[in-house]
Amino acid sequence: MDVKPQIQEFLGKVEQLKAYLASINFKPNQTNTREALANMTRLHVTNYNLQLFAIDDVVMNSNYPVPVRIYHPKPGTALPVAVFIHGGGHMCGSITVYDGIVRNLTEKINHIVISVDYRLSPEFSYPTGLEDCKKVIQNVFNVLEQRQIAYSNRDNLTIIGDSGGAALCSTIAMDESFVKQNHITKQVLIYPSLDYTLTNPTIDKFGTGYLLDKAKIAWYFDNYFQNNEDRQAKSPLYGNFHSSMPTTLVIVASHDPLSGEGIAYAHKVQQVSAESQLLTVNGVVHAYLMLENLCPEECAQTYNAIANFLTN
């Protein structure tokens, strides 16, 4: 199946913009890259419930207050809990950028959702953002109790992430003792980044002209890993797959350079006798949840799949 016409038109405009920027010797940096992601989401994610209950808090990681936003679809009702870790190549994204997406997700899955504003590269390289997310997971129920927000079960926590956020989720899931201690029973990985070596064939197959270019991915990773880390050793795809891994749903986009590693990861989870499900969403590219107005049916399919996974 080809890319949806609406998205193909969008991709054409993106390529025209890239050509113009190249002609004026445009230099990407963390600020303009963050602005681009925020603007894309602001323009294309406009249908969400601003009346949904949301309240901000912090979780301390040493002396740094990690901002979190707590979303509740039915205040006063004890519901299951999910931690959401946003994407953006470890450099972009925020609670604010993802607010509409997380509101839609919260309503569809009927969970209390805690969105994490972890620290980003290049200002904070690996593993600072990862440690921020782990600290939030360790303290999520304490924050809810301090806020007197009732939840249904402390022994079942879900983690959800997209793209780079899914990289963080899956890295956390590889830590068997951490998974057990914090009762992480399910994880949802949406078009996940799982292989920091950039060697899967789909990286080259869809690495130019499909919004997320191979060169941009490499640049993200160079900003994230600043201390000569072994990137294969840090890649979830090559990590410690264990039988205590959370039940896993992997969602990939058909025309995404990261799709191959997502498929491979789902198969590896299954091989260690941990349950996994795989959904390929056709006709879309990486980060399509940020393009909702161009692919509303595919976004609805995604949210419905997550809701079904979490309720079954």
Kirkwood-based Rg to Rh ratio, the stretch 1-63, C-alpha trace | 1.14
Between P236, P65, P122, find the one with the highest GNM mean-square fluctuation for the chain; connect C-alpha pairs within less than 10 Å.
-> P65
Residues L105, L294 in order from fewest to most other beta-carbon atoms within 10 Å are L294, L105
The residues T106, T199, T248, sorted from fewest to most surrounding Cβ atoms within 10 Å, come out as T199, T248, T106
Across S152, S62, S235, the residue with the highest GNM fluctuation in the chain (Cα network, 10 Å cutoff) is S62
With a 30 Å threshold on alpha-carbon distance, the violating pairs from K4/K216; K74/K186; K108/K180; K108/K214; K74/K134; K27/K234 are K108/K214
How big is the stretch 26-180 by Rg and Dmax over its Cα atoms, in Å?
-> 15.3, 51
Cβ density ranking, 10 Å radius, fewest first, applied to L279, L291 yields L279, L291
How many angstrom separate the Cα center of the stretch 1-31 from the Cα center of the stretch 162-229?
-> 23 Å
Mean separation of Cα pairs under 8 Å and 6+ residues apart, divided by the residue count of the chain: what relative contact order is that in percent?
-> 19 percent
When the Debye formula is applied to the Cα atoms of the stretch 115-231, each taken as the same point scatterer, what base-10 log of I(q)/I(0) results at q = 0.19 Å⁻¹?
-> -1.08
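We did not get these values from a lab; they are worked out from the coordinates using the rules stated. This is a predicted model, so every value here is computed, not measured. All Cβ positions, glycine included, derive from the backbone under ideal geometry; neighbour counts span all protein chains shown.
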